[in-house]
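What follows is a single structure, written as structure tokens, with notes after it.
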Amino acid sequence: MNMRTLFVWSLLFSSLLMGCERQEAFPNRPITLVCPWSPGGGTDQVSRQMAYFLEAELGTPCTVINATGGQGVTGHRRGMMARPDGYTIAVITFELNTLHHQSLTTLTYEDMIPLISVNEDAAAIWVPADSPWQTLDDLVADIKANPGSLTASGTATGGAWHLAFAGWLQSAGLETTAVKWIPKGGADPSVQELMSGGIDLVCCSLPEAKQYYDRGELRALGVMAEETVPGFEDIKTMREQNFDWVLVGWRGFAVPPGTPQDRVDVLRTAMQKIVSGEVVIDDKSFPKFMDQRGFNNRWRTSDDFHEFLARNDQSLGKLLNSDAFASLAEGAVGPYDFPMLLGLLLSGLVIAQVVISRRIQTPAITDQESLETSTQSENVSSSIINVLFGLGMVLLYILLAETVGFLVLTAGLLVMFLWKLGTKLTSAAVITIILVPLVYYLFAVILRVPLPRGWWGV
Amino acid sequence: MELQTALLDVLSLETLLTILLCGVFGLFVGSIPGLTATMAVALIVPVTFYLSDISAIAAIVTLTAVCIFSGDIPTTLLRIPGTPSSAAYVDDAYALRQQGRYADALSTSLMFSVTGGLFGTLILFLCAPQLAVLARQFGTYEYFWLYALGLSCAAIVSGDSRLKGAIALLVGILFSLVGLSEVHSEPRFAFGSEELISGVHFIPALIGLFGVSEVLRGLWASGGKDAVTTYSDLLNVQQEGFSFAQQISHWLSRISRRPWQTLRSCSLGTLIGMIPGAGADIAAWMSYTFSKRSSSTPEEYGKGSEDGLADASAANNSSLAGAWIPALVLGIPGDSVTAILIGVLMMKNINPGPDIFTQPEQVTLIYGIYISFIVANLFLIPLGYVGIRASGFILKVPQRVLLPVILLFCIVGSYAISSSLFDVAVMLFFGLLGFFLERYRYPLGPVVLGLLLGADLEASFVQNLTKDRSLLAFFSRPLAAVLGIACLFIWLTPALSAALRKKPTVLEE
């Protein structure tokens, strides 16, 4: 009884201590950047560089998490729907302007406060060095001569570079389906497929193919930029070759709507200083990194960025809502063909299994379960209660974590669970008081995993 | 001369200290389910800016090598695979622990991890440029057969019944198809949920299938009585004495008894590791399958076979070095760790590519990489030994304390991967699924592999059909034809042997 009161008081006290910090200036807690693309990719690298310099500039830990999947839907959504307190920054990319036109999400560029865009890379059409096509006109002639037999890749169906390529085909007066698009997970596997001889050309951004270009393994027939790109001077733009088509992929940062204006200003100012090269650590700066990796470091902020987003949204919407694109979205294999095939196979196997198990009586209990035999007959209902209790713990965690916060909720649930399984309340409390802060320290501080934050910010 | 400089570089205080710290860090990260080597490497990237080139590389090498071994610790002690590649032999490792031989199991996987790692380094050293040419041959047709081959292996080897294995595998593949795939423009089975568009995340599902289902099983078993017992009480066995010298001699006798099998596992691991997109997990499964197929005692597999454990551990570690082959020679990442590695190298003004082997100023660095691999793998021996000794205490903790704590780590581990409570819900769902599958004696390993590779299998299938609607095209390239025939052979063998023996019960081997 005494121990219990002590425990409750200590919990309350520790949470009060943590609560105190809330009033101080922004930022005083770790900041999370939500990157919609996987580790190692271009967007991930740019986000991690930004986090690195932001950490130095703001003096608070900045961590990147990768919320991947759904061709960017998940990450964009997670970043833009986060708590609007300035501690979660959404990494946004080109797809923000396309996903909602494809009905994959309801979120648009209007559902966030844009901070800054830090990079604009134009798409280019790449062929192997030994390809017979020397100019885009050669390519167009070949496509006209053999419609539907050439293959290209660069992204998934409907991804950035697929749109870029389809738009170029349109500008050349060709059907958007005149070249078969082989959907691939990204530029890296597409270029690899190109090198293996599996496809004829790749459409992806300049830095994504830079190392192959530098080594002379790939050639670009044209780049979809407004003007010649520094570092790639020998690649002619589409306009120079009489195709009226420009497509530029970009990366930027945003915060959820409702974020206090003063915090937006703090973040925007810090990022502006970083991208303009004012923040230098150990002779390293953000623009230097971008140059090194071949990323174009054109940046836009505030109104300019917003206007850029609106313009992009409009032009991409026109392409995505056109009839030409509707036919493009239909692949050679329907979305439910493969699952159906597997489903049939599975039902066949299940029927076979049922038939066989009827014929052969398998022993009901294995050595694995021998541990359980004694208890099984004794008390099935208490087994079920125990299992339901365990499930309930996880459900409670899922429901309450974002409101109560990690430390308090975990401590509470752990004590309850330990006690339910027969640990004395005092020992349960001791275990909890030692273990929970330890886990918190391990994950949140050492491993920098953002844990759920609640009322007390922890 | 370059060799000497490289040797001095690696054996400098800075590099050795980096290796030590990364080793300890990797041991923690790897043994907590949900935390991956990729995450650990991404985390130390900012630190590498301050390190010398060779220390930065050594840090990444050490982290991956240590992580993949330490994933075996929870696999053996708790039946929760720390990494997906441990899922191939989870039943064997756990069965050995039930026999009270957890130290044997772990030291086998430790020593063969080191063997695999060193062998992979040797291959990297001897013929990286030549092998990279082979890796470059892989297009969508080859990938389709490779994935099919890996998946079939899982169904064949796991559990008592191939039929149940195949069912479990298909369940896994079907779950992997949830959401928006890279080859379709319409999300499937998402039921209007924007979270489900991204599909079922693999790590939370893995933790659920093994970790949560294990907790649920423990809770079920403890139903009737006060859960005071520890695992060691329950099993009524004492852990045996275990010393460093014994461990080494155990390993030597095992290698000398099965030199060719070990060589096969290591080569297979390196070859699979160097194919971008295929990694330690497929390597471990394939090696385990070959091992079982060629074994004189296949009935032991899945019930505590040290041979299977050794072969699969050797393969998954050697695949790590394999992944560096295309990364260094072609600049193509073999897996997500090498993708980050290439970023780090470029930050340091080192451009991976064929030139890296010919330019004189780079040669020192290349030697440095080889030596780092060797040092990191050798360092794994004492570190792993300490890890094994230290983790043994888990067996002495009463279950009533252990179960809630495991559940806590499962939750945090699932959340950690992308800070999403939805992932915790996925973990819970798969926990229940795993619990029921186990009760009806379906193997869990194939579900995991199906989840991991199912979407890739479908993607390559659709890509192939987009290129050419004919199924014959699947055999149109030489390498694809070889892989395809191997795969058909594996599929048809049970049917053929069934036809020959004319027994309807053959599926219940």
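The values are calculated or read from the model by the stated rules, or taken from the named source; none is laboratory data. This is a predicted model, so every value here is computed, not measured. Positions of Cβ are generated from backbone atoms using ideal geometry, with glycine treated the same way; all protein chains shown enter the neighbour counts.
As an exercise: evaluate A:Gly390 against (1) modelled with pLDDT under 90; (2) crowded, with 22+ Cβ neighbours inside 10 Å; (3) among the small types (Gly, Ala, Ser) and give the number of the one condition it does not meet.
(1)
Between a first residue in segment B:424-445 that is closer than 24 Å to B:Lys303 by Cα and a second residue that is β-branched (Val, Ile, Thr), which pairs have beta carbons less than 6 Å apart while being 6 or more apart in sequence or on different chains?
B:Gly431/B:Val212
Count, please, the residues in segment A:62-115 that happen to be touching a residue at least 40 places away in the same chain (Cβ under 8 Å) and either under 16 Å from the mean Cα position of the chain (by Cα) or outside any helix (DSSP H, G or I) (or both). Outline the logic, then answer.
Taking segment A:62-115 and keeping what is touching a residue at least 40 places away in the same chain (Cβ under 8 Å), we get A:63, A:65, A:71, A:75-76, A:78-98, A:101-102, A:108-109, A:111-115.
So of that shortlist, the ones also either under 16 Å from the mean Cα position of the chain (by Cα) or outside any helix (DSSP H, G or I) (or both) come out as A:63, A:65, A:71, A:75-76, A:78-98, A:101-102, A:108, A:112-115.
Counting residues in segment A:62-115 that are touching a residue at least 40 places away in the same chain (Cβ under 8 Å) and either under 16 Å from the mean Cα position of the chain (by Cα) or outside any helix (DSSP H, G or I) (or both) gives 33.
Checking the structure you have, find out if any residue of segment B:149-159 is farther than 27 Å from B:Phe430 by Cβ and among the aliphatic types (A, V, I, L, M). Write out each step before concluding.
Taking segment B:149-159 and keeping what is farther than 27 Å from B:Phe430 by Cβ, we get none.
No.
Would you tally the residues in segment B:321-344 being of a type in the set (A, V, I, L, M) and free of Cβ contacts under 8 Å to residues at least 60 places away in the same chain? Reasoning before the result, please.
Of the residues in segment B:321-344, the ones of a type in the set (A, V, I, L, M) are B:321, B:323, B:325, B:327-330, B:332, B:337, B:339-342, B:344.
If we keep only those that are free of Cβ contacts under 8 Å to residues at least 60 places away in the same chain too, we end up with B:323, B:327, B:339, B:342.
Counting residues in segment B:321-344 that are of a type in the set (A, V, I, L, M) and free of Cβ contacts under 8 Å to residues at least 60 places away in the same chain gives 4.
Would you please list the contacts, defined by Cβ atoms under 7 Å and residues six or more apart or on different chains, that run from a residue in segment A:403-428 that is at pLDDT 90 or above to a residue that is outside any helix (DSSP H, G or I) and of a type in the set (A, V, I, L, M)?
Cβ pairs passing all conditions: A:Gly405/A:Val458; A:Phe406/A:Leu451; A:Phe406/A:Val458; A:Leu407/A:Val458.
Do any helices (runs of 4 or more DSSP H) lying entirely in segment B:94-193 carry at least 1 residues that are within 19 Å of the chain's Cα centre (by Cα), away from every other protein chain (no Cβ under 13 Å) and farther than 26 Å from B:Ile374 by Cα, and which ones are they? Walk me through it before giving the result.
Details: elements: B:102-135, B:140-157, B:162-176.
Answer list for segment B:94-193: B:140-157.
Give the residue that is nearest to the chain's Cα centre (by Cα), with candidates limited to residues of segment A:417-445 that are among the β-branched types (Val, Ile, Thr) and within 7 Å of another protein chain (Cβ to nearest Cβ). Before the answer, list the steps.
The first filter runs over segment A:417-445 and keeps only residues among the β-branched types (Val, Ile, Thr), leaving A:423, A:426, A:430-434, A:436, A:439, A:445.
With the extra rule that they be within 7 Å of another protein chain (Cβ to nearest Cβ), the set shrinks to A:423, A:431, A:439.
Numbers: A:Thr423: 42, A:Ile431: 37, A:Val439: 26 Å.
It comes out as A:Val439.
Out of (1) part of a helix (DSSP H, G or I); (2) within 10 Å of chain B (Cβ to nearest Cβ), what's the single condition that is false for A:Arg448?
Of (1) part of a helix (DSSP H, G or I); (2) within 10 Å of chain B (Cβ to nearest Cβ), only one is false for A:Arg448: (1).
More than 12 Å from every other protein chain (Cβ to nearest Cβ), at pLDDT 90 or above, in contact with a helix residue (DSSP H, G or I) (Cβ under 7 Å, 6 or more places away or on another chain) and buried (at least 21 other Cβ atoms within 10 Å of the Cβ), is that true of B:Gly208?
Working: more than 12 Å from every other protein chain (Cβ to nearest Cβ): no; at pLDDT 90 or above: yes; in contact with a helix residue (DSSP H, G or I) (Cβ under 7 Å, 6 or more places away or on another chain): yes; buried (at least 21 other Cβ atoms within 10 Å of the Cβ): yes.
No; evaluated as a whole, the condition is false for this residue.
Could you give me the residue pairs with C-beta distances under 7 Å whose first residue belongs to segment B:24-51 and is without any contact (Cβ under 8 Å) to a residue 40 or more places away in the chain and away from every other protein chain (no Cβ under 11 Å), whose second residue is of a type in the set (Lys, Arg) and surrounded by fewer than 20 Cβ atoms within 10 Å (Cβ to Cβ) wherever it lies, and which are 6+ apart or on separate chains?
Going by the 7 Å Cβ cut-off, there are no qualifying pairs.
Which of the residues that make up segment A:289-323 are among the charged types (D, E, K, R) and part of a helix (DSSP H, G or I)? Step through it out loud before you land on a result.
First, the residues of segment A:289-323 that are among the charged types (D, E, K, R): A:291, A:293, A:298, A:300, A:303-304, A:307, A:311, A:313, A:318, A:323.
Listed by number, the residues that qualify are A:Asp291, A:Asp303, A:Asp304, A:Glu307, A:Arg311, A:Asp313, A:Lys318, A:Asp323.
Condition test on A:Asn97, is it within 30 Å of A:Leu54 (Cβ to Cβ) and modelled with pLDDT under 95?
Values: within 30 Å of A:Leu54 (Cβ to Cβ): yes; modelled with pLDDT under 95: yes.
The answer is yes for A:Asn97.
Of the conditions (1) among the acidic types (Asp, Glu); (2) modelled with pLDDT under 90; (3) within 24 Å of the chain's Cα centre (by Cα), B:Asp456 satisfies every one except a single condition; which number is it?
Evaluating B:Asp456 over (1) among the acidic types (Asp, Glu); (2) modelled with pLDDT under 90; (3) within 24 Å of the chain's Cα centre (by Cα) leaves (2) as the failure.
Looking at (1) more than 21 Å from B:Val66 (Cβ to Cβ); (2) in contact with a helix residue (DSSP H, G or I) (Cβ under 7 Å, 6 or more places away or on another chain), can you tell me which one B:Thr358 breaks?
Unmet for B:Thr358, out of (1) more than 21 Å from B:Val66 (Cβ to Cβ); (2) in contact with a helix residue (DSSP H, G or I) (Cβ under 7 Å, 6 or more places away or on another chain): (2).
Are any residues in segment A:411-431 out of contact with any Ser or Thr (no Cβ under 8 Å at 6 or more places or on another chain) and either part of a helix (DSSP H, G or I) or not assigned by TED's automatic domain parsing to the domain that holds A:Leu388 (or both), and if so, which ones?
Let us first name the residues in segment A:411-431 that are out of contact with any Ser or Thr (no Cβ under 8 Å at 6 or more places or on another chain), namely A:412-413, A:416-417, A:419-420, A:422-430.
A:Gly412, A:Leu413, A:Met416, A:Phe417, A:Trp419, A:Lys420, A:Leu425, A:Thr426, A:Ser427, A:Ala428, A:Ala429, A:Val430 - these are the residues of segment A:411-431 that are out of contact with any Ser or Thr (no Cβ under 8 Å at 6 or more places or on another chain) and either part of a helix (DSSP H, G or I) or not assigned by TED's automatic domain parsing to the domain that holds A:Leu388 (or both).
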